[in-house]
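S.K.: Here it is, the structure in full.
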Amino acid sequence: MKAEKYLKKTIFYLILTLAALAAVVPLFWMVSTSLKAREAIHTIPIRWIPKEPSLDAYKAIFSLTNINFGRAIINSFYVSIMLTIIPLFTSAMAAFAFAKIEFKGREKLFSLFLMTMMIPATVTMIPNFIILRTMGLLGSYSALILPAICNAFAIFFIRQNMIVIDNAYLEAAIMDGASLFRVFIQVALPLSKPVLFTMGLFNFMGAWNNFLWPLIVLTDRKKWTLQLGLGNMGTQFGNYQHYLMAGALISIIPIVIVYIFTQRYVEEGLAVGGLKG
């Protein structure tokens, strides 16, 4: 019995090790390639550790004439922050209404919201494009933010947490003279902190990595996000893999930093927001 238990544990850890290597090796290769000169990239056998590490690729991508890499990073931060905060706040308000405010047709309306989750995002691109063109918003960041204000998944995810908040807290605040909005801000939101941080991480990752929709609506190169800049680099500098790897590595760093700051809430938020209700 002990031998069988030991064997199962060994196989389990072996599988985990292989999975970890499958995730780490491409990242290590990316870092290694970004520190190589162009001549060393195609060297056979492959040199995983560069003999002469260089930051020339990082310097080169920030000095490109057709792509303002630094501005693209700033644009991505602006868009990602807006697409994190605004949809998170509006979704939390809607989730609070569906969870704690009784009104006629509440459950049917919530079911309708859930049904929209079954519609692929690509199906709504053409209607959204036509609406934004009619409103004269194409080419602006508003074209990225407005379609994301209503997020059915975020509403569902946050509602699952708010629905289990004890009504006694809300009733006590109302008895003390707090308005409904103040109850939402000072009671419901603090009690939903883990799920809000988790959803915020999801929003930031989705906005930072978004490529197709910004490609459709942003026509001005000065407003391009980092992903559009990397996509353009891929077509123009396909043989300069160290440029591409340096740019891709830079694009990963903000997500890693955001995750480090939110990781202590993510596990709790996934458990609370996804399972209760």
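S.K.: Could you check VAL164 against (1) under 22 Å from THR225 (Cα atoms); (2) part of a loop (DSSP other than H, G, I, E, B) and say which number it fails?
M.R.: (1)
S.K.: Which count do you get for residues in the range 150-167 that are loosely packed, with under 14 Cβ neighbours inside 10 Å and modelled with pLDDT of 90 or more?
M.R.: Adding up the residues that qualify gives 0.
S.K.: Here is a further query. Taking the range 211-230, which residues are over 30 Å from ALA92 (Cβ atoms) and either at pLDDT below 85 or surrounded by fewer than 16 Cβ atoms within 10 Å (Cβ to Cβ) (or both)?
M.R.: THR219, ASP220, ARG221, LYS222, listed by residue number.
S.K.: So which of THR10, THR33 ends up being polar (S, T, N, Q) and closer than 29 Å to VAL258 by Cα? It would help to see each step written out before you state the result.
M.R.: Values: THR10 fails: closer than 29 Å to VAL258 by Cα.
Matching residue, one of THR10, THR33: THR33.
S.K.: Same structure again: For the range 31-42, state whether one or more residues are under 26 Å from the mean Cα position of the chain (by Cα), within 30 Å of LYS193 (Cβ to Cβ) and surrounded by 16 or more Cβ atoms within 10 Å (Cβ to Cβ).
M.R.: no
S.K.: Give LEU114, LEU132 a once-over and let me know the one that is in a helix (DSSP H, G or I) and touching a Leu at 6+ places or on another chain (Cβ under 6 Å).
M.R.: Values: LEU114 fails: touching a Leu at 6+ places or on another chain (Cβ under 6 Å).
Only one candidate passes the filter, namely LEU132.
This table checks each residue for (1) crowded, with 21+ Cβ neighbours inside 10 Å; (2) over 22 Å from SER80 (Cα atoms); (3) outside the structural domain of ALA99 (by TED's automatic domain parsing).
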| residue | (1), (2), (3) |
| --- | --- |
| GLN186 | no, yes, no |
| PRO190 | no, yes, no |
| LEU196 | yes, no, no |
| PHE204 | yes, no, no |
| ASN209 | no, no, no |
| ILE250 | no, no, no |
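S.K.: Cβ-Cβ below 6 Å, separation at least six or inter-chain, first residue in the range 128-149 and farther than 16 Å from THR84 by Cβ, second charged (D, E, K, R): which pairs?
M.R.: That search, which allows pairs on different chains as well, returns GLY139/ASP220.
S.K.: Out of the range 149-173, which residues are in contact with a helix residue (DSSP H, G or I) (Cβ under 6 Å, 6 or more places away or on another chain) and among the aliphatic types (A, V, I, L, M)?
M.R.: Within the range 149-173, ILE149, ALA152, ALA154, ILE155, ILE158, MET162, ILE163, ILE165, LEU170, ALA173 meet the criteria.
S.K.: Considering the range 192-245 alone, what residues qualify as being in contact (Cβ under 8 Å) with a residue 40 or more places away in the chain, among the small types (Gly, Ala, Ser) and assigned to a helix (DSSP H, G or I)?
M.R.: Listed by number, the residues that qualify are GLY200, GLY206, ALA207, GLY229.
S.K.: So, one more: Within the range 109-125, can one find any residue that is surrounded by 11 or more Cβ atoms within 10 Å (Cβ to Cβ) and without any contact (Cβ under 8 Å) to a residue 12 or more places away in the chain?
M.R.: Looking for residues that are surrounded by 11 or more Cβ atoms within 10 Å (Cβ to Cβ) and without any contact (Cβ under 8 Å) to a residue 12 or more places away in the chain, one finds at least one in the range 109-125, hence yes.
Condition check ((1) among the small types (Gly, Ala, Ser); (2) part of a helix (DSSP H, G or I); (3) in contact (Cβ under 8 Å) with a residue 60 or more places away in the chain; (4) within 30 Å of PRO190 (Cα to Cα)) across all residues:
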residue: TYR13; (1), (2), (3), (4): no, yes, no, no
residue: LEU18; (1), (2), (3), (4): no, yes, no, no
residue: ALA23; (1), (2), (3), (4): yes, yes, no, no
residue: SER32; (1), (2), (3), (4): yes, yes, no, no
residue: THR65; (1), (2), (3), (4): no, no, no, no
residue: ILE73; (1), (2), (3), (4): no, yes, yes, no
residue: SER76; (1), (2), (3), (4): yes, yes, yes, yes
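The values are calculated or read from the model by the stated rules, or taken from the named source; none is laboratory data. Computed from a predicted model, the values in this text were never measured in an experiment. Reconstructed Cβ throughout: ideal geometry from the backbone, glycine too, with neighbour counts over all protein chains shown.
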